[in-house]
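One structure below.
The values are calculated or read from the model by the stated rules, or taken from the named source; none is laboratory data. Keep in mind that what you see is a predicted model, and the values were worked out from it rather than measured. Note that each Cβ is placed from the backbone with ideal geometry, even for glycine, and that neighbours are counted across all protein chains shown.
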Amino acid sequence: MNESPPLQLEAALGHDATDKRIDVLRRIGRAGSISEAARGAGISYKAAWQAIETLGNLAGTPLVEKAVGGSGGGGAQLTAAGHRLLRAFDLLAAARLEVLSQLDKEGGANPLSPGLAGLGLRTSMRNQLPCVVADVSHSGPAVRVELALSDGTRLASRITQESAQLLDLEKGKAVLALCKATAVKVRDAGTAAHAANMLRGQVVRTSEDAGAAEVSLTLDCGLSMVGFAVDTGRLSVGQACVAQLDESSVVIALPG
């Protein structure tokens, strides 16, 4: 008999209590049906499968298996690893609430703010901007999400319907906008043509390597950002500039 691969708890549990993927897994355990779990969670069947597959990849082992029967069709049941994951999640969620409650009693910064929660996020994306969902609009298979930075500046992201459902995006929700430095084009503020996703700021540092000029800037809202100059040599420290990026380059993450 082949042994199941070890359950990667640390990777699979990098989510907060409102994560739709955990909700879907829990509902499958109760209903014995993926389609029923999807309906209960308020997402599509396709999004439910995406949730299962993502968590399974992170855990390093299958969390759901086919089963005979099940209410609502699509019979399925949790594997032993799936049950262990939910148990571990509940224990960690309780411990997390206890820690946050203690921090709240001690006063100081809001422990639930997206900026502080993002400290636990490890990614190759150097730009991580705390913001709030300002608007969500649907267009075919895609969803356009407008995000507001602290000074009201708007930043748009284009994601799939399934991703929007699993993130449970709604107006006023605190999120993190992520993007690679290589996706950010930095221009002189005086020469930049008006376009979507224009973030104004000031150059604080430049470095050139192999003909590519990396630019560090401070946005008008006070956040830092890194990108690459479109015209090498035309930007200098203290100069007003504009950072531009495509909507499809903006990744949305939930703090927690």
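Where strands (runs of 3 or more DSSP E) fall wholly inside segment 117-191, the ranges with 3 or more residues that are modelled with pLDDT under 95 and under 15 Å from the mean Cα position of the chain (by Cα) are 127-139, 174-179. Does residue 236 satisfy being of a type in the set (S, T, N, Q), part of a loop (DSSP other than H, G, I, E, B) and either farther than 16 Å from residue 155 by Cβ or not assigned by TED's automatic domain parsing to the domain that holds residue 153 (or both)? Criteria met by residue 236. Within segment 191-203, residues that are among the basic types (Lys, Arg) reach partners that are surrounded by 14 or more Cβ atoms within 10 Å (Cβ to Cβ) and not in a loop (DSSP other than H, G, I, E, B) with beta carbons closer than 6 Å, at six or more positions or on different chains, in the pairs 200/242.
Residue selection: residue 174 fails the criterion of being of a type outside the set (Phe, Trp, Tyr) and outside the structural domain of residue 135 (by TED's automatic domain parsing). Residues in segment 207-232 that are touching a residue at least 24 places away in the same chain (Cβ under 8 Å) and exposed (fewer than 15 other Cβ atoms within 10 Å of the Cβ): 4 in all. Taking the residues in segment 18-49 that are outside any helix (DSSP H, G or I) and touching a Leu at 6+ places or on another chain (Cβ under 8 Å) as candidates, determine which candidate is modelled with the highest pLDDT. Result: 43. Looking only at residues of segment 158-189 that are surrounded by 21 or more Cβ atoms within 10 Å (Cβ to Cβ) and touching a helix residue (DSSP H, G or I) at 6+ places or on another chain (Cβ under 6 Å), we find that the one that is nearest to residue 138 (Cα to Cα) is 165.
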